[in-house]
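Working notes for the structure below.
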Amino acid sequence: MTPQLALLATLDGIAYAALVFMVAVGLTMIFGVMRILNVAHGSFYAIGAYSAASIVLGLTAAGMNPWLVFPGLLLAAVGVGAVLGTLIERLLLTRIYTKEPVLQLLVTFAVFMILEDVQRLVWGVRPYFAAEPVYLLGNVQVVGIFYTAYQLILLPTVALLVLVGLRLFLRRTLSGRLIVAVTEDREMATALGINAGRVFLLTFVLGSTLAALGGALASPTTSLVPGIGADMIVLSFAVVAIAGLGQVEGAAIAALMIGLGRSFAVYVMPELEVVVPYLVMVIVLLIRPEGLFGVVERRRI
Amino acid sequence: MSPLLRVEDVHIRFGGVVAADGVYLDLEPGESLAIIGPNGAGKTTFLNICTGYLKPTAGRVLFEGNDITGQPPRAIVRLGIARAFQIPQLFLEHSVLDNMLIAAAARTRAWNPFRAMVALPERAEMIGLLRQLGVADTAEQRVDGLPEGVRKLVDVALALALKPRLLLLDEPTSGVSSSEKFQIMDALVQALKNQAVTSVFVEHDMEMVSRYAHRVAVWNGGRVQMVGTPADVLADADVRRDVVGI
């Protein structure tokens with residue numbers, strides 16, 4: 001492997017890791033607070049991506065200022081997270097919080113299946129490609145390699161902002177502290193009079209918005225076909241398992257491991273590309289079953 | 001004066017164990033009532049019924065004249081009954097002050113999602129409460145690094161942050177060395193007085209009871225066996241035999 005190829009693989013891996021991180025961190029937050037493994041999280045990624053592509057294509061067709069596509073991507077993410085997230089949490093999840101995990105898993109899986117078909121109904125099965133944002137930002141040269149500025153600068157920057165922003169939000173704001181408090185001891189939080197239902201809604205909308213943001217930002221770099229949600233949810237599960245459930249910084253590192261592992265595999269042993277994330281996961285879990293940064297559930301007295 | 005809390009003929013059983021078998025009790029505003037009794041007499045069950053954690057099968061609980069029987073804990077907290085636990089219930093991964101501010105936010109229900117913790121208007125009030133209990137110097141420390149005695153006082157401060165009119169304490173000085181006990185109770189009673197909070201505390205230590213309670217209720221077999229001043233109750237022959245163990 002030449003140094004240039006290694007650099008290329010590294011850049012590919014970072015860009016991909018940035019996207020996976022945004023989706024996975026949403027998933028891990030929802031699980032950490034609500035103790036629900038949300039399979040439908042992948043649908044938020046897919047619908048976020050499709051909505052973003054529609055907005056980008058619509059804006060371009062209407063001949064508007066091309067730079068509007070960037071607010072458009074953000075709007076798609078927030079819109080999908082807020083509207084669909086609120087609907088699913090209020091109408092469905094509130095009914096199953098006290099049920100056993102198997103049932104919760106089945107319900108979110110059912111939501112995922114339904115939303116897969118909704119995507120086919122709305123957007124069809126024809127691939128969507130809306131790369132306008134990538135063209136707009138152009139290419140940059142890094143040590144003799146041309147790479148898109150969108151993937152080299154924008155994606156990692158947004159991912160970093162999400163990481164730092166989430167950290168500050170959870171540590172420094174009242175809502176963040178309430179979310180952590182409910183995560184730590186839901187019973188006690190309720191005893192104090194904290195409305196756990198509202199904390200759950202906030203968490204779910206926030207987590208779903210992050211998944212939709214991942215989708216919206218991924219849409220210009222890939223062609224959208226049915227099934228992207230399933231691919232992403234499986235990868236996110238791998239990230240969350242590697243990092244340890246509920247770990248925000250851990251998810252960033254795990255996403256990087258998977259992103260880099262996958263991109264290096266593409267150049268070195270292409271036939272391993274699909275397997276690499278799971279190989280990493282299996283190795284980590286064999287050594288540390290609770291994940292790299294996970295803590296063994298503390299005993300509650 | 002009408003009672004702050006009135007408990008009428010409350011019954012509850014767990015399988016074969018009768019934990020409340022016709023409990024009657026009136027609580028006057030401003031008083032401090034101690035509950036004593038042998039293990040399994042239903043003392044903690046009584047606190048659980050008053051705070052909504054257990055629903056009695058029969059009987060009523062009235063708080064300031066309103067029937068609160070079987071209401072959920074959150075609703076009862078909002079009405080003004082708070083509770084401090086035998087094992088302090090605190091968010092271990094938060095600082096003491098964060099714990100207090102979370103409780104304050106739960107009370108006021110003012111909830112601006114992105115409000116910074118350092119900008120919350122209740123900050124000064126919460127530090128004042130911690131100062132009253134003599135633990136203001138721990139405000140910025142994480143709870144999991146604090147000794148048990150300090151945690152007890154923070155737990156009480158947390159309960160007071162909810163601005164209750166009635167505070168139920170389950171063995172406030174258990175698990176604390178005897179040298180610290182009086183210090184903790186002195187701080188606690190003074191804070192309750194400043195906030196004009198009526199209190200009920202379950203206690204095993206008769207010295208604490210005679211020193212800090214206005215009245216004592218003796219629990220036995222799921223019933224109130226006797227209510228009176230500490231001097232009267234502790235002089236009673238049955239109580240001395242069954243509870244004090246002399």
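Every number in this text was worked out from the coordinates using simple rules, so none of it is lab data. Keep in mind the model is a prediction, meaning the values are calculated, not measured. Cβ: placed from backbone, ideal geometry, glycine included. Neighbour counts: every protein chain shown.
log10 I(q)/I(0), Debye, Cα-only the range A:21-226, no solvent, q = 0.10, 0.11, 0.15, 0.17 Å⁻¹? Taking Cα atoms of the range A:21-226 as identical point scatterers yields -0.47, -0.56, -0.95, -1.14. Taking every DSSP helix (H) stretch of at least 4 residues in the protein assembly as shown, weighting each as -39,500 (n - 2.57) and dividing the sum by the residue count yields a mean residue ellipticity at 222 nm of -17500 deg cm²/dmol. Pairwise alpha-carbon distances in the protein assembly as shown exceed 31 Å for 56% of all pairs. Averaged over peptide A:169-179, the number of partner chain Cβ atoms lying within 10 Å of each residue's Cβ comes to 6. Here's how it looks for B:I35: its modeled amide H is under 5 Å from those of B:F201, B:V202, B:E203, B:A217, which are all 5 or more places away or on a different chain. Phi-derived couplings, Karplus 6.51 cos²θ - 1.76 cosθ + 1.60 at θ = phi - 60°, listed residue by residue for the range A:70-80: 5, x, x, 4, 5, 4, 4, 5, 5, x, 4 Hz, with x used for Gly and Pro.
Taken residue by residue and averaged, Cβ atoms of other chains lying within 10 Å of the Cβ of B:75-81 number 1. For B:R13, the residues whose amide H sits under 5 Å from its own are B:A19, B:T57, ignoring neighbours fewer than 5 places away on the same chain, with H placed 1.01 Å from N.
Cα centroid separation, the range A:230-278 to the range A:60-121: 23 Å. Rounded to the nearest whole Hz, the Karplus-based 3J(HN,Hα) values (6.51 cos²θ - 1.76 cosθ + 1.60, θ = phi - 60°) of the range A:165-176 follow the sequence x, 5, 4, 5, 4, 6, 8, 10, 9, 4, 4, x, with x at glycine and proline. For B:V224, the amide hydrogen comes within under 5 Å of the amide hydrogens of B:Y24, counting only partners 5 or more places away or on other chains and with H modelled in the peptide plane.
For the range B:76-170, the set of trypsin sites (Lys or Arg not before Pro) satisfying both a DSSP loop assignment and a count of at most 15 other C-beta atoms within 10 Å is given as B:R109. Residue by residue along B:218-226, Cβ atoms of other protein chains within 10 Å of the local Cβ number 0 on average.
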